[in-house]
Amino acid sequence: MHLKLLSNLKQVSIKDNIPIVRDKTIDYISKYIDNHSYQSVLEIGSAYGYSALYTALHTNATSIISVEKNESNYQKCLEYARNEKIRFINDDAFTFEINQKFDVIFIDGPKSNQDKLVTKYLALLNKDGTIFIDNIYLNKFKHRDVLTKNQKKLLEKVEAFKKWLESQTNINVHFIDMDDGLAVLTHK
């Protein structure tokens, strides 16, 4: 029943052209969560709630908070991704405030100003926690012969963000070339 709900949500997302985390990436993150016995997850960028629902159904995490700025997407989360472990919040990740620490923070929201998101949410990461950032390579664009101006700008922003991550002295950064790329950040 639950897996049918997840499959339906995936199909609705694809039909509506809403980007969702790729299969290998979400599987990796889910196994990582269980291997580290993580319980609390904060997700930045819900879209329709696919990754939050996947995490709720495939891990032992007990609490997932997912923040989505777009009101329409937030409503889709409430419609398609309801689960007792998940609390969806309609808010802007840059201004959202919460007085809680998390084992996992998954940043899959806006690609601009990601350095500000990492700086802000690193303060909410438990000492032994992990931040995951999706689409760190954007391989889907790298293999195209022709890119739009916006796609080129996005690739430039992502490259600058990767360099910024590598320059940080208070975190360990590991890049995984899987799907569209995944950054794994931990406290030093």
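Restricting the search to the range 11-50, which residues are open to solvent by 10 Å² or more (accessible area, probe 1.4 Å), part of a loop (DSSP other than H, G, I, E, B), among the small types (Gly, Ala, Ser) and within 18 Å of Ile89 (Cα to Cα)? Residues satisfying the conditions are Gly45, Ala47. Hey, any hits in the range 175-186 for a residue that's more than 23 Å from Asn73 (Cβ to Cβ) and either in a helix (DSSP H, G or I) or among the hydroxyl-bearing types (Ser, Thr, Tyr) (or both)? Yes, the range 175-186 contains at least one residue that is more than 23 Å from Asn73 (Cβ to Cβ) and either in a helix (DSSP H, G or I) or among the hydroxyl-bearing types (Ser, Thr, Tyr) (or both). Of the numbered criteria (1) among the polar types (S, T, N, Q); (2) surrounded by 13 or more Cβ atoms within 10 Å (Cβ to Cβ); (3) more than 19 Å from Asp108 (Cβ to Cβ), the one Gln151 fails is (3).
May I ask you to list the residues in the range 76-88 that are acidic (Asp, Glu) and part of a loop (DSSP other than H, G, I, E, B)? Glu84 - this is the single residue of the range 76-88 that is acidic (Asp, Glu) and part of a loop (DSSP other than H, G, I, E, B).
Tell me yes or no: at least one residue of the range 128-136 is touching an Asp or Glu at 6+ places or on another chain (Cβ under 6 Å), surrounded by 15 or more Cβ atoms within 10 Å (Cβ to Cβ) and not in a strand (DSSP E or B).
Applying the first criterion (touching an Asp or Glu at 6+ places or on another chain (Cβ under 6 Å)) to the range 128-136 yields 129, 134-135.
Applying the additional criterion that residues be surrounded by 15 or more Cβ atoms within 10 Å (Cβ to Cβ) yields 129, 134-135.
If we keep only those that are not in a strand (DSSP E or B) too, we end up with 135.
Yes, because at least one residue in the range 128-136 is touching an Asp or Glu at 6+ places or on another chain (Cβ under 6 Å), surrounded by 15 or more Cβ atoms within 10 Å (Cβ to Cβ) and not in a strand (DSSP E or B).
Take the range 56-70 and flag every residue that is part of a loop (DSSP other than H, G, I, E, B) and either modelled with pLDDT under 95 or farther than 19 Å from Thr95 by Cα (or both). Passing the criteria: Thr59, Asn60, Ala61, Thr62.
Limited to the range 89-123, what total is found for residues that are assigned to a strand (DSSP E or B) and either open to solvent by less than 20 Å² (accessible area, probe 1.4 Å) or under 19 Å from Lys157 (Cα atoms) (or both)?
Within the range 89-123, the subset assigned to a strand (DSSP E or B) is 89-90, 102-107.
When the remaining residues are screened for being either open to solvent by less than 20 Å² (accessible area, probe 1.4 Å) or under 19 Å from Lys157 (Cα atoms) (or both), the result is 102, 104-107.
Counting residues in the range 89-123 that are assigned to a strand (DSSP E or B) and either open to solvent by less than 20 Å² (accessible area, probe 1.4 Å) or under 19 Å from Lys157 (Cα atoms) (or both) gives 5.
In this structure, is Leu53 in contact (Cβ under 8 Å) with a residue 12 or more places away in the chain, over 17 Å from Leu182 (Cβ atoms), open to solvent by 40 Å² or more (accessible area, probe 1.4 Å) and part of a helix (DSSP H, G or I)? No, not satisfied.
Here are some residues: Asn73, Asn8. Which one is closer than 22 Å to Pro110 by Cα, assigned to a helix (DSSP H, G or I) and touching a residue at least 12 places away in the same chain (Cβ under 8 Å)? Talk me through it step by step, then tell me what you get.
Working: Asn8 fails: closer than 22 Å to Pro110 by Cα.
One residue alone meets the criteria, Asn73.
Selection of first residues in the range 149-161 that are in a helix (DSSP H, G or I) and of second residues that are open to solvent by 100 Å² or more (accessible area, probe 1.4 Å) and among the hydroxyl-bearing types (Ser, Thr, Tyr), restricted to Cβ pairs under 6 Å at least 6 apart or on distinct chains, gives an empty result. How many residues, within the range 115-140, are within 22 Å of Tyr38 (Cβ to Cβ) and either of a type outside the set (A, V, I, L, M, F, W, C) or touching a Gly at 6+ places or on another chain (Cβ under 6 Å) (or both)? Number of matching residues: 11.
The values are calculated or read from the model by the stated rules, or taken from the named source; none is laboratory data. All values derive from a computational prediction rather than experimental measurement. Counting neighbours? That spans all protein chains shown, and the Cβs are built from the backbone with ideal geometry, glycine included. For accessibility, only protein heavy atoms count, side chains too; no ligands or nucleic acids. Shrake-Rupley method; radii C 1.70, N 1.55, O 1.52, S 1.80 Å.
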